[in-house]
Amino acid sequence: MGLLPCLRRGSERWWLPQTERSTDAIGHLLLMDRRSGSGHNPPLDGATRDRVCRALKSDPAYYIYAALTYPDPGPVELEQLATWHAHNITEQIASGDAYLGAPEITPTIEKRWRKLTDHFRTVPISRWMEDAHLWLEVTGPHVSNTWREQWPLVRSGIDTRDSTPPSTNHSVLQELARAVQHQKSLESSFDASLQNEKLEAIKQLAYGLSHEINNPLANISTRAEQLQRGEADPNRTATLQRIIDQVYRAHEMIADLMFYANPPEPERHSCIPSDLLAEVTGTFTEESERQAIQIRISTENNEFHHPDHEILADSTMLKEAIRALIRNSIDAIGCQGTIELSLQRDSENITIVVADSGPGLSEQARRHAFDPYFSGREAGRGLGLGLCRAYRIAKLHQGDVSLASGPSGCIATLTLPAQWTA
């Protein structure tokens, strides 16, 4: 048995028990309030009002609590009290001091509450407020006559009791579970909508950059190449070459952004995942040796080399995605470290895992790592669209890619549905 929010008068507090029947009624009111989602009180439907009225008439403590929280003295109809209670119970429970200093429910207190319940079953509802002080004084101080004179007179109509047994909390739990499920569905829909809007905005930006920046870049590159052809000074030739290189780098960045915003459809053909992994890893051999980084490949088993385990995929795109994950790890490590690549499969998916001994990822970097040009330099990771390309390539193959911090470093996982060839 729990407690209803405390009743307060000045510095004094009183507590009433929260029974199974009041828990069921309040649970439905909280769900109703949550579903309304508005800043004003929603209309109370007749079924909900009747549910609250039945709970009040069958539970003396709940009845007394609702009456003593009603703000106006004088007569009040039970239906009016139920409506007011429905519109205010959420705020009462959510109050910061609703349960502050709550007493421990001892066997003695429970015994007194049971005796009061048995007593009130023999008393007409119209007289419940006359003896309400007996409930309050179980857990609180003496109730003054001055306060009792201010208590409302609840008119409940015909004095009948709800003879149906208290319902279980299963219905409340089921509604709560459905509410959580609905909330998750809304969040998923919102995330998808947000992602689509972000891609559309990036697409517009990419088209604008392609038109407005590529033309000036082409002019700069052409002029630098012309000057370079007639230049005899080696230092000036090197400077012009750096200009040309940076122009091509800027052009590639715009091309990367275009790929992220509006990628081509994959051209699927047979390929062996382990061969792709070995080919891409080989392109980093010289760089990894220079930076004292060990790149190791392990596979679940050697069956990947069997022709039966060829998959249908765009091998060029997959190699780009793998290259982006390895590049991310090398940038994170810098010098002296290890990158472990593993290849796993089951009946439904193939998984490529790239684990490194770098500094790992902050929570912010993990959330935004696949956003265009997000800088994760606080984690030692680069700036650009490499990971974004990997993300888009995974999605184009109906797969996914994720980053997580491991015991040390970062773990990147590229998962693709296994479309095996015959």
Next item on the list: Check the range 238-253 and report whether any residue there is at pLDDT 90 or above, of a type outside the set (A, V, I, L, M, F, W, C) and in the same structural domain as GLU340 (by TED's automatic domain parsing).
Entry: no
Next item on the list: Restricting attention to the range 203-246, report how many residues are hydroxyl-bearing (Ser, Thr, Tyr) and over 23 Å from PRO263 (Cα atoms).
Entry: 4
Margin query: Tell me yes or no: at least one residue of the range 148-162 is more than 25 Å from LYS57 (Cα to Cα) and at pLDDT 70 or above.
Written below: no
Item checked: Test: residue in the range 208-216 that is over 30 Å from ILE26 (Cα atoms) and modelled with pLDDT under 70 -> no
Next item on the list: Of the numbered conditions (1) among the charged types (D, E, K, R); (2) within 17 Å of CYS6 (Cα to Cα); (3) more than 47 Å from the chain's Cα centre (by Cα), GLU91 fails exactly one; give the number of that condition.
Entry: (3)
Notebook entry, point to check: Looking at (1) assigned by TED's automatic domain parsing to the domain that holds GLN398; (2) closer than 19 Å to ARG392 by Cβ, which is the only condition LEU257 fails?
Noted result: (1)
Margin query: Cβ-Cβ under 6 Å, sequence separation 6+ or interchain: first residue in the range 204-217 and at negative phi, partner at pLDDT 85 or above and β-branched (Val, Ile, Thr). Which pairs?
Written below: LEU217/VAL247
Item checked: Contacts under 6 angstrom Cβ, first residue in the range 281-294 being under 15 Å from ASP356 (Cα atoms) and in contact (Cβ under 8 Å) with a residue 24 or more places away in the chain, partner exposed (fewer than 11 other Cβ atoms within 10 Å of the Cβ) and among the hydrophobic types (A, V, I, L, M, F, W, C), 6 or more apart -> GLN291/CYS335; ALA292/CYS335
Margin query: Can you tell me which condition LEU341 does not meet? The list is (1) more than 27 Å from the chain's Cα centre (by Cα); (2) within 23 Å of PHE284 (Cα to Cα); (3) at pLDDT below 80, and all the others hold.
Written below: (3)
Checklist line | Unique match (being among the hydrophobic types (A, V, I, L, M, F, W, C) and either assigned to a helix (DSSP H, G or I) or not assigned by TED's automatic domain parsing to the domain that holds GLU12 (or both)) among ALA102, ALA82 | finding: ALA82
Notebook entry, point to check: Exactly one of (1) among the hydrophobic types (A, V, I, L, M, F, W, C); (2) at pLDDT 85 or above; (3) farther than 21 Å from HIS397 by Cα is unmet by LEU277. Its number?
Noted result: (3)
Margin query: Could you go through the range 71-83 and let me know if any residue there is hydroxyl-bearing (Ser, Thr, Tyr), closer than 26 Å to GLU137 by Cα, surrounded by fewer than 20 Cβ atoms within 10 Å (Cβ to Cβ) and at pLDDT 90 or above.
Written below: no
Next item on the list: Keeping to the range 225-238, report how many residues are out of contact with any helix residue (DSSP H, G or I) (no Cβ under 7 Å at 6 or more places or on another chain) and farther than 23 Å from ASN215 by Cβ.
Entry: 7
Note to self: Looking at the range 247-269, I want the residues that are touching a residue at least 60 places away in the same chain (Cβ under 8 Å) and have a partner that is of a type in the set (Val, Ile, Thr) and part of a helix (DSSP H, G or I) with Cβ atoms under 7 Å, at least 6 apart or on another chain. Which pairs are those?
What the structure shows: LEU257/ILE202; TYR260/ILE202; ALA261/ILE202
Margin query: Report every pair of residues separated by at least 6 positions or lying on different chains whose Cβ atoms are under 6 Å apart, first residue within the range 13-30 and more than 17 Å from THR69 (Cα to Cα), second modelled with pLDDT of 85 or more and not in a helix (DSSP H, G or I).
Written below: THR19/ASP59; ARG21/ASP59
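The values are calculated or read from the model by the stated rules, or taken from the named source; none is laboratory data. Quick caveat: nothing in here was measured; it's all calculated off a predicted structure. Note that we place each Cβ from the backbone using ideal geometry, even for glycine, and neighbour counts take in every protein chain shown.
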